[in-house]
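Only the coordinates and a few stated rules stand behind these numbers; no lab work does. Note that the structure is a prediction, hence the values are computed from the model and not measured. FYI the Cβ positions are ideal-geometry reconstructions off the backbone, even for glycines, and counts take in every protein chain you see.
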Amino acid sequence: AQSVSQHNHHVILSEAASLELGCNYSYGGTVNLFWYVQYPGQHLQLLLKYFSGDPLVKGIKGFEAEFIKSKFSFNLRKPSVQWSDTAEYFCAVNPSGSARQLTFGSGTQLTVLP
Amino acid sequence: EAGVTQSPTHLIKTRGQQATLRCSPISGHTSVYWYQQALGLGLQFLLWYDEGEERNRGNFPPRFSGRQFPNYSSELNVNALELEDSALYLCASSLWARSTDTQYFGPGTRLTVL
């Protein structure tokens, strides 16, 4: 069975700092990869996803992620964070072509200080 | 366009009782997924319904069950409630049943078992 690891449980940054959140997955086959965000008091929303093609994908609100197959990683990045980026971020994976359910990482709480 | 809706927002039950949670997918979406977000356990896949059929279930006991209606709405039933069933239950829907499809999440039902 696949698993997802997010090693940073809580990240605190000042506004304008750069962000990188780590995500590693364990699965031997081809996978689809997702980053979801949960803003305070709101429901989960998709930030970006990767399933094929260019391993550097761009999402909403200036976020991007890079898929590195050899490292089984899909790290999320943003060059300059804003206070409004304070939220919990979840990495998720599902195997291509078979199961549809998402396997989520434990989440990273990002706090951006004004 | 309305998003995924769930009812009720909060539900309080006692041990041994049954709980029924409801989900209405985005209009036109045929697949519905249920996830449990319990404290300390993260987001875990429960059930997947597509075109009225249960397609897959996660590692949960049989007292977690559900169904999907002809209008694609769905119901999650939890029988013989236990204290550890206290969690946020999230419903998601997708347009089709492809692994690359984005799952759109609802706001969740907070179930508290006393």
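A dipole drawn for the stretch A:54-114 from +1 and -1 charges on Cβ atoms has a positive end, and of A:Ala92, A:Gln82, A:Pro55 the residue lying farthest that way is A:Pro55. For A:Ser3 and B:Ser86, what is the calculated FRET efficiency with R₀ set at 25 Å and r taken between the beta-carbons, to the nearest 0.05? Once rounded, the FRET efficiency stands at 0.55. Exposure proxy for B:Ile26, A:Ile60, B:Ile12: other Cβ atoms within 10 Å of each Cβ, ordered fewest to most, give A:Ile60, B:Ile12, B:Ile26.
Tell me, how many Å apart are the Cα centres for the stretch A:84-114 and for the stretch B:67-87? Distance between centres, Cα-based: 24 Å.
Computed from the C-beta positions of B:Asn59 and A:Ala16, the FRET efficiency with R₀ = 41 Å rounds to 0.45. Here A:Lys58 is the anchor, and the lysines within straight C-alpha reach of less than 20 Å, apart from those fewer than 8 places off in the same chain, are A:Lys49, A:Lys69, A:Lys71, A:Lys78.
Label point of B:Arg22 set 7 angstrom out along Cα-Cβ; within the stretch B:85-114, amide nitrogens under 20 Å from it belong to B:88-94, B:105-112.
Ordered by the number of other Cβ atoms lying within 10 Å of each residue's own Cβ, fewest first, B:Glu53, A:Glu20 fall into the sequence B:Glu53, A:Glu20. Of all DSSP beta bridges confined to chain A, the antiparallel ones make up roughly 85%. Taking each residue as 0.36 nm, the span from B:Ala38 to B:Thr14 lengthens on full extension beyond its C-alpha to C-alpha distance by 6.9 nm. Remark on A:Asn8: its backbone amide H falls under 5 Å from those of A:Gly22, a criterion applied only to residues 5 or more positions apart or on other chains, H modelled at 1.01 Å from N. Let's test the formula: R0 of 22 Å, r as the Cβ-Cβ distance of B:Ala97 and A:Asp54. What FRET efficiency results, to the nearest 0.05? E(calc), rounded to 0.05, equals 0.30.
Sorting B:Val4, A:Val11 by the number of Cβ atoms found within 10 Å of their own Cβ, with the fewest placed first, yields A:Val11, B:Val4.
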